[in-house]
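The values are calculated or read from the model by the stated rules, or taken from the named source; none is laboratory data. This structure is a prediction, so every number in the text was calculated from the model and none was measured. As a convention, Cβ positions derive from the backbone with ideal geometry for all residues, glycine included, and neighbour counts pool all protein chains shown. In case anyone asks, the SASA skips ligands and DNA or RNA and just uses the protein heavy atoms, side chains included. Shrake-Rupley method; radii C 1.70, N 1.55, O 1.52, S 1.80 Å.
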Amino acid sequence: MTATYGFRATMTARPGKGDELVDLLLSATTDGSGASEHCVVYLVGRSASNREVVHVTEGWTTREAHAENFATEQAKAFVARIAPLLADEPRFQDEVPVGGKFRD
């Protein structure tokens, strides 16, 4: 499958909560948005200069698939688990994937 819609989130965890936030976000590959067959890229990374800053990059088959996924009760519950770990509001960006590669 090809990603035609990209989504990026940058979150700043409360002091000392960066590891917990990363672990929770990584769990999405088995029981969250990253587990969706329409999510073809799901990467979690950290800022090199601030371990509390966490980035999530997603590639979806379509914008609609992304929206449908995040409208589910499961996704809403997952987002609710993230909220208490954050120091402030996350920043979001939409993008159009044009190419690249990923090796696991």
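Among residues of the stretch 1-16 being more than 15 Å from E89 (Cα to Cα) and either surrounded by fewer than 17 Cβ atoms within 10 Å (Cβ to Cβ) or not hydroxyl-bearing (S, T, Y) (or both), the one that is modelled with the highest pLDDT is G16. Taken over the stretch 74-104, the criterion of being open to solvent by 60 Å² or more (accessible area, probe 1.4 Å) and in contact with a Leu (Cβ under 8 Å, 6 or more places away or on another chain) is satisfied by R81, F102.
Scan the stretch 25-73 for residues that are farther than 19 Å from P97 by Cα, in a strand (DSSP E or B) and open to solvent by less than 50 Å² (accessible area, probe 1.4 Å) and the total you get is 2.
What number of residues within the stretch 1-18 are of a type in the set (A, V, I, L, M, F, W, C) and in a strand (DSSP E or B)?
4
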